[in-house]
Amino acid sequence: MSDVKTKISPAINLIDESFDPKKSNTYHLSILSNEKSLTFAVLDTDTNKYLVLQSFSPTLKGEDILAPFKAGSIYTSFKSVTCAVAHNNFTLVPFALFDEENKRSFLEFNHPVDNEEKIHSDTLNNLEAKNIFTISRSFEAELRKHFITVHFLHNSTSFIEGLLIRNKNKKGKKVFSDFHSSYFEIVILEDGKLLFSNSFKYKAPEDIAYYILFVYEQLHLNPEEIELVLSGEIEKTEKEHALLYNYIRHVKFASPPEGFKYSYNFDEIPNHKFFSLFTQYLITN
């Protein structure tokens with residue numbers, strides 16, 4: 001039997017012709033990790049242009065988690081690296097209540113913490129709050145082996161902060177939902193400020209419609225008037241999207257964060273899919 005490992009090809013592999021490993025001292029690497037994929041985006045901080053987008057669905061565990069990325073053509077050193085984890089075990093705590101020594105207690109009040117997980121916190125400056133969450137110890141160790149100064153954050157932090165930055169001077173109420181393979185987040189802004197944030201697990205399209213309509217009802221939002229903006233792992237052709245149109249009049253998909261340029265290659269992917277990934281750099285620099 002051959003010992004050669006099967007090469008894992010990226011599900012998305014978009015590389016601009018201007019990408020140059022020799023310029024890595026000007027490049028920022030953003031990583032998004034969830035239960036089904038590992039996605040990488042490279043930003044040229046000199047030109048403020050995203051040059052690379054790669055996504056893998058790794059079947060390898062532990063030490064091999066970065067193997068597909070390291071085997072590719074863009075693996076190099078970087079000026080800075082951020083990594084967001086996407087799962088629904090997180091808790092937002094206002095600055096006034098946050099205590100570094102009690103992070104575990106805050107998180108365990110809402111979510112169980114496994115011994116194989118390490119507790120982290122990041123900062124939402126526009127919300128004046130901390131986000132407490134967990135990261136697999138083995139995953140963190142592997143990333144730090146290759147990217148010593150990697151900054152970890154939760155995906156909800158980049159999602160919420162990105163929305164607060166984009167809607168700073170906007171009036172009225174608007175609902176936003178960011179989707180992942182087994183859960184989704186709902187954020188409601190009013191006059192550019194956070195009114196509501198929560199996450200919900202789902203198994204079927206009907207679950208999504210139920211929770212979103214429940215939030216509309218509880219916060220007395222008129223589904224005929226208040227717009228719903230979708231981002232993340234949801235497609236325009238999927239049943240989840242079609243079902244929402246039955247109940248909410250104004251449903252649209254998010255556009256990428258302003259302030260950046262994007263390689264023309266990125267036109268191959270839906271604009272809304274990686275809103276939070278592209279926002280990472282805005283809130284950590």
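Computed quantities for the displayed model
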| quantity | calculated |
| --- | --- |
| Amide hydrogen neighbours beyond the local backbone of PHE274, cut-off 5 Å, H modeled | GLY232 |
| Sequence-distant residues sharing a close amide H with GLU190 (under 5 Å, placed H) | LEU195 |
| With Cα atoms, 0 to 90° folded angle of helix 205-218 axis to the chain main axis | 50 |
| Listed residues GLU233, GLU268, GLU185, most fluctuating in the chain (Gaussian network, C-alpha, under 10 Å) | GLU268 |
| Lys, Arg +1 and Asp, Glu -1 on Cβ, resulting dipole of the range 208-285 about Cα centre, debye, nearest 20 | 120 |
| Evaluated at q = 0.27, 0.29 Å⁻¹: base-10 log I(q)/I(0), Debye formula over Cα of the range 175-232 | -1.26, -1.40 |
| Counting DSSP beta bridges with both ends in the range 169-253, the antiparallel % (nearest 5) | 65 |
| P(r) of the chain over all Cα-Cα pairs, binned every 10 Å from zero, in whole percent | 6, 27, 35, 24, 7, 1, 0 |
| Residue among LEU97, LEU164, LEU53 with the largest mean-square fluctuation in a Gaussian network model of the chain, springs linking Cα atoms under 10 Å | LEU97 |
| Lys/Arg +1, Asp/Glu -1 at C-beta; the range 169-253 dipole; positive extreme among LEU243, VAL215, LEU194 | LEU194 |
| Flagged links, alpha-carbon separation over 24 Å, of LYS168/LYS201; LYS203/LYS236; LYS23/LYS273; LYS193/LYS236; LYS171/LYS236; LYS174/LYS236 | LYS168/LYS201; LYS23/LYS273; LYS193/LYS236; LYS171/LYS236 |
| Net charge dipole size for the chain [Lys, Arg +1 and Asp, Glu -1 on Cβ; Debye, nearest 20] | 440 |
| Length-normalised contact order of the range 185-285 in % [C-alpha pairs under 8 Å, at least 6 apart] | 22 |
| Which of ILE234, ALA96, ASN13, positive extreme of dipole for the chain (C-beta unit charges) | ASN13 |
| Whole-angstrom gap from the range 192-206 to the range 134-179, using each part's C-alpha centre | 16 |
| Furthest towards positive pole of dipole, LEU277, SER177, ASN34, structure part the chain, Cβ charges | LEU277 |
| Antiparallel content of DSSP bridges confined to the chain, in %, to 5 | 70 |
| Between 0 and 90°, nearest 10: helix 137-146 axis offset from the chain longest Cα axis | 50 |
| The range 169-253 - charge dipole about Cα centre, Lys and Arg +1 at Cβ, Asp and Glu -1, debye rounded to 20 | 220 |
| Residues VAL215, VAL85, sorted so that the one with the fewest Cβ neighbours within 10 Å comes first | VAL215, VAL85 |
| Estimated 222 nm signal from helices in the chain, with DSSP H stretches of n ≥ 4 weighted -39500 (n - 2.57), rounded to 500 | -6000 deg cm²/dmol |
| Highest-fluctuation residue, ASP207, ASP178, ASP46 considered, GNM on the chain with Cα pairs under 10 Å | ASP46 |
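Any read-out appearing in this document is the output of simple, stated calculations on the displayed coordinates, not a laboratory observation. Every value quoted in this text rests on a predicted model; they were computed, and no experiment measured them. Please note: Cβ atoms are built from the backbone with ideal geometry, for glycine as well, and neighbour counts cover all protein chains shown.
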